[in-house]
Structures are given as C-alpha cells and as structure tokens.
1. Given the Cα-Cα distance of A61 and K146 and 0.36 nm per residue of separation, how much length would full extension add, in nm?
2. Which of rounded, prolate, oblate describes segment 4-77, given a ≥ b ≥ c as roots of the alpha-carbon gyration tensor eigenvalues and a/c under 1.5 marking rounded, otherwise prolate only if a/b is larger than b/c?
3. Springs between alpha-carbon atoms under 10 Å, Gaussian network over the chain: tell me which of R142, R155, R70 tops the mean-square fluctuations.
4. Which value, to two decimals, describes the C-alpha radius of gyration of the chain once divided by 2.2 N^0.38 Å?
5. Show which aspartates and glutamates lie in cross-link reach of K37 when reach means a straight Cα distance below 14 angstrom and same-chain residues fewer than eight apart are skipped.
6. What residue among I91, I128, I145 shows peak mean-square fluctuation when the chain is described by a Gaussian network model with Cα springs under 10 Å?
7. Hey, got the dipole for the chain? About the Cα centre, +1 on K and R Cβ, -1 on D and E Cβ, debye to the nearest 20?
8. Give me the extension gain from K71 to T120: residue separation times 0.36 nm, minus the current Cα-Cα distance, reported in nm with one decimal.
Amino acid sequence: MPPITLNVNGKAHAVDVDPQTPLLWVLRDTLNMTGTKYGCGIAQCGACTVHLDGEATRACATAVEDVQGRKITTIEGLSADRSHPAQLAWIAEQVPQCGYCQSGMLMTTAELLKRKPKPTDADIDEAISGHICRCGTYPRLRKAIKTAAAMAAPRPAAPKPAAKGAAR
Ligand code: FES
Ligand code: FES
C-alpha cells in the first residue's frame, strides 16, 4: 500500500498506515504530536479536536484516507510561539486545571473567533457544548473566550496630532 501524505501544520508527512486509521492515532503515535488528546474515541468529548481546512473536527472519528490533500492544524500549529489570542487569554484567565481537555477547547475557540470575532454567550455555549471538561473549567473558559475576542479585536487608530499652528 503506498504511504498516505498528510499536510500537518504546514509540513507534508508520508505515513505508512492503514487508510482507515483514525487521524488521532497517526498524529499521536506516528507523528508524535501528543498535544491532541484521546478522551473517548467516539466523537463525544472534543479532546481530539483539530482543524481541517480551518474547520474544527474530531480527529478520533476521521480516517486518514479522508484527509489527504487537506490542511490539518493541531494545537502545535495554532501559533508559532503560543501567541494566538486564545492561548494568551487562557493564560491570563488561568483556565486549565488538569489541562487534558484544553487543547481541544482551544482549537474550537480559535475556529469560533474566526467565524464570530465577537461571540455572544449563546455562540460560546454552542461552540463548547460538545466538549467535556471533567475539572469543570467552564466559567473560566467562557470568560477567556471573551478575553481572547477582545485581544483579537483591531484597536482603534490613535488620533492624529493637531497640525502646527492649528487653532486650539
Ligand atoms: S477523543 Fe475524539 S471526541 Fe473524544
Ligand atoms: S481541565 Fe481537566 S478535564 Fe478540563
């Protein structure tokens, strides 16, 4: 069987696996990208969320043969230096407890902010409704999503200084 080529975080990886293998196993076990977590394995908890062409997707329920030629982004590729507004807001609001669910939460948040730069409470609830956090970080998580949206918002331009000799 020819290897399958995956585009992960901007790099091509040829992997020699069964085409039906879930993307999650390949990311973690073959490519050693362990930031994406295994929670339930049946698309119910959100721990394994990655982006496929920018769309939040459960890697545990996605066969690698179906993602060839698509752009896969994992938590390792969300930003080069952990400077994505969601990552900064997570630190500012001290969201994680054990941390296990958090990379999935961050990937869903990043997608939400792209779709809705100013998410309402209802938008946030809808986005994270399929994510399970056993530590109950939901209140801090909701706050952090608002903080991330504020951080990502374009700042108003500074007023221009008055021209010399202008009337005061
Ligand atoms: S591990 Fe994929 S949704 Fe739970
Ligand atoms: S922070 Fe522990 S499961 Fe969410």
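None of the figures in this text is laboratory data; all of them are computed from the coordinates on show. Just so we're clear, the structure is a prediction, and the values are computed from it rather than from any experiment. A quick note on method: Cβ atoms are made from the backbone with ideal geometry, for glycine too, and the neighbour counts reach across all protein chains shown.
1. Working: separation 85, 0.36 × 85 = 30.60 nm, distance 2.94 nm.
Full-extension gain reported as 27.7 nm.
2. Numbers: a/c = 1.44, a/b = 1.24, b/c = 1.16.
Here segment 4-77 falls in the rounded category.
3. Highest fluctuation among the options: R155.
4. Numbers: Rg = 19.2 Å, N = 168, 2.2 N^0.38 = 15.4 Å.
Against the empirical 2.2 N^0.38 Å value, I get 1.25 for the chain.
5. Excluding near neighbours in sequence, the set is D29, E76.
6. Maximum fluctuation in the GNM of the chain, among the listed residues, is at I91.
7. 1200
8. Working: separation 49, 0.36 × 49 = 17.64 nm, distance 2.83 nm.
Computed gain between K71 and T120 is 14.8 nm.
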